[in-house]
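**Q** Take this structure, written in structure tokens, and hold onto it; I'll ask about it next.
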Amino acid sequence: MRRSIGINPEQEARSASEQPQNDEGTRRVVIEDVKPEVDRGRFPIKRTVGEKVVVEADVFADGHDAVACILLHRREGDQEWIEALMEPMVNDRWRGEFLVSGLGGYRYTIQAWVDHFQSWRRELEKKVAAGQEVSTELQVGARLVEEAAGRASGSDAESLKQYAFALGPNGRNSLATRTHRALESKLFDLMSRYPDRSHSTSYGKELGVVVDRERARFGSWYELFPRSCSSEPSRHATFKECEERLRYVAAMGFDVLYLPPIHPIGHTHRKGKNNSPIPGPNSPGSPWAIGAEEGGHKAVHPELGTLEDFRRFVAEARKRGLEIALDIAFQSSPDHPYTREHPEWYRHRPDGTIQYAENPPKKYEDIYPFDFETDHWRGLWDELKSIVLFWIEQGVHIFRVDNPHTKPFSFWEWLIAQVREQHPETIFLSEAFTRPKVMYRLAKLGFTQSYSYFTWRNDKEELIQYFTELTQTERREYFRPNLWPNTPDILTEYLQYGGRPAFVARLVLAATLGASYGIYGPVFELMENRPREPGSEEYLNSEKYEIRSWDIDRRDSLKELIARINRIRGQNPALQSDWSLRFHPVDNDQLLCFSKNSEDLSNVILVVVNLDPYHTQSGWVELPLEALGLEPDQGYQMHDLLGDGRYLWRGSRNFVEVDPHVVPAQLFLLRHWVRTEMNFDYFM
């Protein structure tokens, strides 16, 4: 049978037949089931600047003595711990918290001990209440206080000495006065400052926190192919022309403009329209086939402009409140300089040629993957890290990483840690549409955000189940979802057949279920929904393989609605984080209802979405009034921020009706109904 004495993991694993070492036998407190703790402390939890870290643990001792418990925390690199008292909850569960105020790493752990003074005081109160004689107990207390005076200094030490004398039998005070002094709150406070920790138990592990900037928690992303920003159809645009598109993206209220690879594109086995293996004379190729005679991952496609043009583009974006995110795709075209300078970084076929990428029956002859099992992996790792650092020098601090699940976990853990050590503001978005455990591992080892399965979660039960897992379980400590209803690779069946209501519904879901979301545009706002062929999620005439021209001023565009939703997100703190998400019952399987709220309940948002893009749906919503800060019989106003309707609700059960051909969702701001002493009613 294992026994835990809270020193370190090795001691916890020791056989019960072994003798305790040093003074372990005097440590009576047990610390276990610490939360949050990811994989027994192997990985850190995630927070953003200004957020709290709330820590809970089971802390208890043998017998009936009182226990004291503290939460220790510090910045990485600091030597001194900061202490925060933990408070008892129920059933030996304790809780404490601390604030993370800066970027980088933090550490935290727990220490606890038997509090002999508190135990003594509690027993004294019982005996006094029972009318028992307590002179001996007061002598014991005097000794405890005198010992504490030896641990104190200054005026506190003097005060404790005076208390010790007052409690002792040599004083002039009566027994009643001595007892009264022993139970004074001032003495209790003084003793709490100078406890006897000589037999304290430490948790045995220092747990980690990675602290990111706010954009890691909250932000709206817009994906754009810069080569398609030309005013002339089929002509390759330049960064200078793309600067005009910045005004359009900023007007919709986005925070991040994400660009697919901007590097030179290879010519060998270049793909043509709709991924054809036979390119046309003007086929621009896939941006993910990186590298040509003009350069590789540290070069700019010459038709886009120069490196200086790109830096100007980044600066212009910043002026409009936009941050540029770049795609990092660690692969190359057959024409990349690496294939000549470092052939050892690739896997070779028996005939000596480099192995191209395959996903049978698909062949990607225009892309060469790197061989991460090469004997020359150290040089490869260093070069790939230098790519990220190069673009940081150009002003980029957000990277969307292409297919990270096809590269070793150890590589990503090393690269992200190396980059963040120098640039803790850097954000890495993992584009890993793969198995859940692989996605979660990538998040644990350092990726700031992750694409998610939201793209394919359409019905009510699977949405509830998935987002409950992401926001109400341990997953939330390390996995930050970024919700995308579409990407250049994914046009879902729901969007193909649901028309405008489907696009609006998925937009509202992405923007409200997630604090971070993105769309691939102008495809999304122009509701492009034609697949390459039946049953495919590939777009017809995909922008991945050709230059497209978009009429961004089309009257049926969703751009005004998108701008409104992004304004709502910016004005309501409830929508700027994920952990308050709660789903509420509706007696209609086509209606999804959920709420988010600020920590103090001053801002509460309720969302009702019609998942059926074809028919009007109605039902009765049931709300947990107390959890939303409402009294059982209190009236309250629900202001629909999308349709501007205002409804007076009362009680926990209320009726909703949503027509998808008007707006397939209602996004309510809850306003409390306040009655003044003069019987004047108003909402706040």
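**Q** Here are some residues: Asp556, Asp587, Asp551. Which one is farther than 30 Å from Arg213 by Cα, open to solvent by 30 Å² or more (accessible area, probe 1.4 Å) and in contact with a Gly (Cβ under 6 Å, 6 or more places away or on another chain)? Step through it out loud before you land on a result.
**A** Details: Asp556 fails: in contact with a Gly (Cβ under 6 Å, 6 or more places away or on another chain); Asp551 fails: in contact with a Gly (Cβ under 6 Å, 6 or more places away or on another chain).
Answer to the check: Asp587.
Yes/no matrix, rows are residues, columns are (1) open to solvent by 30 Å² or more (accessible area, probe 1.4 Å); (2) without any contact (Cβ under 8 Å) to a residue 60 or more places away in the chain; (3) within 25 Å of Glu599 (Cβ to Cβ):
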| residue | (1), (2), (3) |
| --- | --- |
| Gly629 | yes, yes, yes |
| Gln634 | yes, yes, yes |
| Gly643 | yes, yes, no |
| Leu648 | yes, yes, no |
| Val656 | no, no, no |
| Asp659 | yes, yes, no |
| Val662 | yes, yes, no |
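**Q** Taking Ser234, is it assigned to a loop (DSSP other than H, G, I, E, B), more than 22 Å from Asn403 (Cβ to Cβ) and not acidic (Asp, Glu)?
**A** Working: assigned to a loop (DSSP other than H, G, I, E, B): yes; more than 22 Å from Asn403 (Cβ to Cβ): yes; not acidic (Asp, Glu): yes.
The answer is yes for Ser234.
**Q** Checking Ala510 against (1) within 25 Å of Arg227 (Cβ to Cβ); (2) part of a helix (DSSP H, G or I); (3) not polar (S, T, N, Q), which test does it fail?
**A** Only one criterion is unmet by Ala510, namely (1).
**Q** Given the criterion assigned to a loop (DSSP other than H, G, I, E, B) and open to solvent by 10 Å² or more (accessible area, probe 1.4 Å), identify the matching residue among Arg270, Arg245.
**A** On the way: Arg245 fails: assigned to a loop (DSSP other than H, G, I, E, B).
Matching residue, one of Arg270, Arg245: Arg270.
**Q** May I ask you to verify whether Ile354 is of a type in the set (A, V, I, L, M) and either under 20 Å from Val388 (Cα atoms) or in contact with a helix residue (DSSP H, G or I) (Cβ under 6 Å, 6 or more places away or on another chain) (or both)? Outline the logic, then answer.
**A** Working: of a type in the set (A, V, I, L, M): yes; either under 20 Å from Val388 (Cα atoms) or in contact with a helix residue (DSSP H, G or I) (Cβ under 6 Å, 6 or more places away or on another chain) (or both): no.
So Ile354 fails the test.
**Q** Separate question: If the requirement is being among the hydrophobic types (A, V, I, L, M, F, W, C), more than 30 Å from Asp578 (Cα to Cα) and out of contact with any helix residue (DSSP H, G or I) (no Cβ under 8 Å at 6 or more places or on another chain), which of these qualifies: Val34, Val114? Walk me through it before giving the result.
**A** Values: Val34 fails: more than 30 Å from Asp578 (Cα to Cα).
The conditions single out Val114.
**Q** Report, ordered by the first and then the second residue, all pairs with beta carbons closer than 9 Å, sequence separation of six or more or different chains, a first member in segment 362-389 that is within 15 Å of Lys407 (Cα to Cα), and a second member that is part of a strand (DSSP E or B) and open to solvent by 50 Å² or more (accessible area, probe 1.4 Å).
**A** Asp371/His348
**Q** Residues Glu158, Glu146, Glu184, Glu243: which one is touching a helix residue (DSSP H, G or I) at 6+ places or on another chain (Cβ under 6 Å), free of Cβ contacts under 8 Å to residues at least 24 places away in the same chain and not basic (Lys, Arg)? Spell out the reasoning first.
**A** On the way: Glu158 fails: touching a helix residue (DSSP H, G or I) at 6+ places or on another chain (Cβ under 6 Å); Glu184 fails: touching a helix residue (DSSP H, G or I) at 6+ places or on another chain (Cβ under 6 Å); Glu243 fails: free of Cβ contacts under 8 Å to residues at least 24 places away in the same chain.
From the options Glu158, Glu146, Glu184, Glu243, the qualifying one is Glu146.
**Q** How about segment 230-277: which of its residues are over 36 Å from the mean Cα position of the chain (by Cα) and of a type outside the set (S, T, N, Q)?
**A** Result: Glu232, Pro233, Arg235, His236, Gly266, His267, His269, Arg270, Lys271, Gly272, Lys273, Pro277.
**Q** While we're on this one: So Asn359 clears everything in (1) polar (S, T, N, Q); (2) open to solvent by less than 30 Å² (accessible area, probe 1.4 Å); (3) without any contact (Cβ under 8 Å) to a residue 40 or more places away in the chain except one condition, right? Which one?
**A** (2)
**Q** Going by the structure shown, is Ile552 more than 30 Å from Phe594 (Cα to Cα) and aliphatic (A, V, I, L, M)?
**A** Values: more than 30 Å from Phe594 (Cα to Cα): yes; aliphatic (A, V, I, L, M): yes.
In short, yes.
**Q** Taking Ala157, is it assigned to a helix (DSSP H, G or I), touching a Lys or Arg at 6+ places or on another chain (Cβ under 6 Å) and at negative phi? Even if it seems obvious, please write down each step before you answer.
**A** Working: assigned to a helix (DSSP H, G or I): yes; touching a Lys or Arg at 6+ places or on another chain (Cβ under 6 Å): no; at negative phi: yes.
No; evaluated as a whole, the condition is false for this residue.
**Q** Separate question: Any residue at all in segment 564-586 that's at pLDDT 95 or above, more than 30 Å from Ala250 (Cβ to Cβ) and over 24 Å from the mean Cα position of the chain (by Cα)? Steps first, please.
**A** Of the residues in segment 564-586, the ones at pLDDT 95 or above are 564-586.
Going one step further and asking which of them are more than 30 Å from Ala250 (Cβ to Cβ), we end up with 582-586.
Among the residues that remain, those that are also over 24 Å from the mean Cα position of the chain (by Cα) are: 585-586.
Taking every residue of segment 564-586 in turn, at least one turns out to be at pLDDT 95 or above, more than 30 Å from Ala250 (Cβ to Cβ) and over 24 Å from the mean Cα position of the chain (by Cα).
**Q** So which of Glu393, Glu344, Glu383 ends up being under 26 Å from Tyr222 (Cα atoms) and at pLDDT 95 or above? Steps first, please.
**A** Numbers: Glu344 fails: under 26 Å from Tyr222 (Cα atoms); Glu383 fails: under 26 Å from Tyr222 (Cα atoms).
Every option except Glu393 fails the conditions.
**Q** Tally time: how many residues in segment 90-122 are of a type outside the set (D, E, K, R) and within 27 Å of the chain's Cα centre (by Cα)? Walk me through how you get there before you give the answer.
**A** Residues of segment 90-122 of a type outside the set (D, E, K, R): 90-91, 94, 96, 98-106, 108-114, 116-120.
Narrowing the set further to residues that are within 27 Å of the chain's Cα centre (by Cα) leaves 94, 96, 98-106, 108-110.
Total meeting the criteria: 14.
**Q** Sort through Asp212, Asp189, Asp196 and tell me the only one that's over 30 Å from Gly518 (Cβ atoms), among the acidic types (Asp, Glu) and out of contact with any Phe, Trp or Tyr (no Cβ under 8 Å at 6 or more places or on another chain). Talk me through it step by step, then tell me what you get.
**A** Values: Asp212 fails: over 30 Å from Gly518 (Cβ atoms); Asp196 fails: out of contact with any Phe, Trp or Tyr (no Cβ under 8 Å at 6 or more places or on another chain).
Every option except Asp189 fails the conditions.
**Q** Could you tell me whether Asp92 is touching a strand residue (DSSP E or B) at 6+ places or on another chain (Cβ under 7 Å), of a type in the set (Asp, Glu) and farther than 30 Å from Glu425 by Cβ?
**A** Details: touching a strand residue (DSSP E or B) at 6+ places or on another chain (Cβ under 7 Å): yes; of a type in the set (Asp, Glu): yes; farther than 30 Å from Glu425 by Cβ: yes.
It is true that Asp92 is touching a strand residue (DSSP E or B) at 6+ places or on another chain (Cβ under 7 Å), of a type in the set (Asp, Glu) and farther than 30 Å from Glu425 by Cβ.
**Q** Continuing with the same structure: Do we find that Pro302 is modelled with pLDDT of 95 or more, open to solvent by 40 Å² or more (accessible area, probe 1.4 Å) and not in a helix (DSSP H, G or I) in this structure?
**A** Considered against the rule, which asks whether it is modelled with pLDDT of 95 or more, open to solvent by 40 Å² or more (accessible area, probe 1.4 Å) and not in a helix (DSSP H, G or I), Pro302 comes out as yes.
**Q** Given the options Lys46, Lys52, name the one that is open to solvent by less than 60 Å² (accessible area, probe 1.4 Å) and basic (Lys, Arg). Please lay out each step first, then the result.
**A** Details: Lys52 fails: open to solvent by less than 60 Å² (accessible area, probe 1.4 Å).
None of the other options fit; the residue is Lys46.
**Q** So how many residues does segment 488-522 have that are buried (at least 20 other Cβ atoms within 10 Å of the Cβ), touching a strand residue (DSSP E or B) at 6+ places or on another chain (Cβ under 7 Å) and closer than 26 Å to Asn275 by Cβ?
**A** 5
**Q** In segment 167-183, which residues are out of contact with any Leu (no Cβ under 9 Å at 6 or more places or on another chain) and either open to solvent by 50 Å² or more (accessible area, probe 1.4 Å) or in a helix (DSSP H, G or I) (or both)? First the steps, then the outcome.
**A** From segment 167-183, those out of contact with any Leu (no Cβ under 9 Å at 6 or more places or on another chain) are 170-172, 174, 176-177, 180; that's our starting set.
Hits for segment 167-183 are Asn170, Arg172, Ser174, Ala176, Thr177, His180.
**Q** Just to verify a result, which residue in segment 106-127, among those that are open to solvent by less than 20 Å² (accessible area, probe 1.4 Å) and in a strand (DSSP E or B), is farthest from Arg420 (Cα to Cα)? If you could, list the steps in order and put the result at the bottom.
**A** Step one: list which residues in segment 106-127 are open to solvent by less than 20 Å² (accessible area, probe 1.4 Å), which gives 106, 108-110, 112-114, 117, 119, 124.
Then keep just the ones that are in a strand (DSSP E or B); that gives 106, 108-110, 112-114.
Numbers: Tyr106: 14, Tyr108: 20, Thr109: 23, Ile110: 27, Ala112: 34, Trp113: 37, Val114: 41 Å.
Within segment 106-127, the match that is farthest from Arg420 (Cα to Cα) is Val114.
**Q** Okay, next question. Just to verify a result, which residue in segment 128-146, among those that are of a type in the set (A, V, I, L, M) and within 16 Å of Ser174 (Cβ to Cβ), is most open to solvent (accessible area, probe 1.4 Å)?
**A** Within segment 128-146, the first condition is being of a type in the set (A, V, I, L, M), and the residues that meet it are 128-130, 134, 138, 140, 142, 144-145.
Applying the additional criterion that residues be within 16 Å of Ser174 (Cβ to Cβ) yields 128, 134, 138, 142.
Values: Val128: 63, Val134: 6, Leu138: 0, Ala142: 11 Å².
Restricting to residues being of a type in the set (A, V, I, L, M) and within 16 Å of Ser174 (Cβ to Cβ), the top hit is Val128.
The values are calculated or read from the model by the stated rules, or taken from the named source; none is laboratory data. This one's a predicted model, so the numbers in the text were calculated from it and none came from an experiment. Neighbour counts run over all protein chains shown; Cβ positions are idealised from the backbone, glycine included. Ligands, DNA and RNA are excluded from the accessible area calculation, which covers all protein heavy atoms including side chains. Shrake-Rupley method; radii C 1.70, N 1.55, O 1.52, S 1.80 Å.
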